[in-house]
1. Taking amide H positions as placed in the peptide plane 1.01 Å from N, state which residues far from LEU48 in sequence (5 or more) or on other chains have amide H under 5 Å from it.
2. What residues have an amide H closer than 5 Å to that of VAL137, excluding those fewer than 5 places away on the same chain, when H is modeled at 1.01 Å from N in the peptide plane?
3. Where in the stretch 31-72 does the amide nitrogen come within less than 17 Å of the point 7 Å from the Cα of GLU11, taken along Cα to Cβ?
4. Ordering LEU155, LEU113 by how much accessible area each has at a 1.4 Å probe, largest first, what is the list?
5. Mind pulling the angle between the C-alpha long axis of helix 11-24 and the longest principal axis of the chain? Nearest 10 degrees, somewhere in 0 to 90.
6. Which one of LEU75, ALA38, VAL6 has its Cα pushed farthest toward the positive end of the charge dipole of the chain, where Lys and Arg give +1 and Asp and Glu give -1 at the Cβ?
7. What is the Cα centroid distance between the stretch 48-82 and the stretch 96-156, reported in whole angstrom?
8. Going by amide H atoms built from the backbone, whose H comes under 5 Å of the H on ASP125, apart from near neighbours?
Amino acid sequence: MTTGPVPAPGEADAHWLRRAIDLSRRCPPSTTAFSVGAVVVAADGTVLGEGHSRRDDPHDHAEEVALREVDPDDLRLAGATLYSSLEPCSSRASRPRSCSALILTTPIPRVVLAWREPAVFVDCDGAERLRAVGRTVVERPDLADGVREVNAHLLG
């Protein structure tokens, strides 16, 4: 099992977001979807799941891949943090549930993201949906440049 710093504001969150951004660099290129990485980290710093967009299927989103690696009955989810390089989506055409909806099927209380999804494909409000039901959402725009770099081909 991979381990690292205990999720917390500051350098620990930056460490895990950099990991998510590194994962996003593994995405097969697409002109119709962002390249995103995600990591689910337990309260003790153990990685429970991680993934990137289009890892196993052309329609995969990073958060769903990371969550697919975690046993939904794992009690550690109740104290875990999900790190995503990009804001979890709030709508999608390729699957019945958005990433923000998938997160809400778990007890994960905290989501940390580097960059709000720009309105290139959809008008995303995933962060608001998570906050509206009491999940903590932390934004780290200081790390957004790395996400924009990975997705520069979509930003014109």
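1. Counting only residues 5 or more places away or on other chains, the set is VAL40, VAL41, ALA42.
2. VAL111
3. 45
4. LEU155, LEU113
5. Once rounded, the angle reads 40 degrees.
6. The one lying farthest along the dipole's positive direction is ALA38.
7. Between the Cα centre of the stretch 48-82 and that of the stretch 96-156, the gap is 14 Å.
8. SER90
The values are calculated or read from the model by the stated rules, or taken from the named source; none is laboratory data. Computed from a predicted structure; not experimentally measured. Please note: Cβ atoms are built from the backbone with ideal geometry, for glycine as well, and neighbour counts cover all protein chains shown. Calculation scope for accessible area: heavy atoms of the full protein, side chains included, ligands and nucleic acids excluded. Shrake-Rupley method; radii C 1.70, N 1.55, O 1.52, S 1.80 Å.
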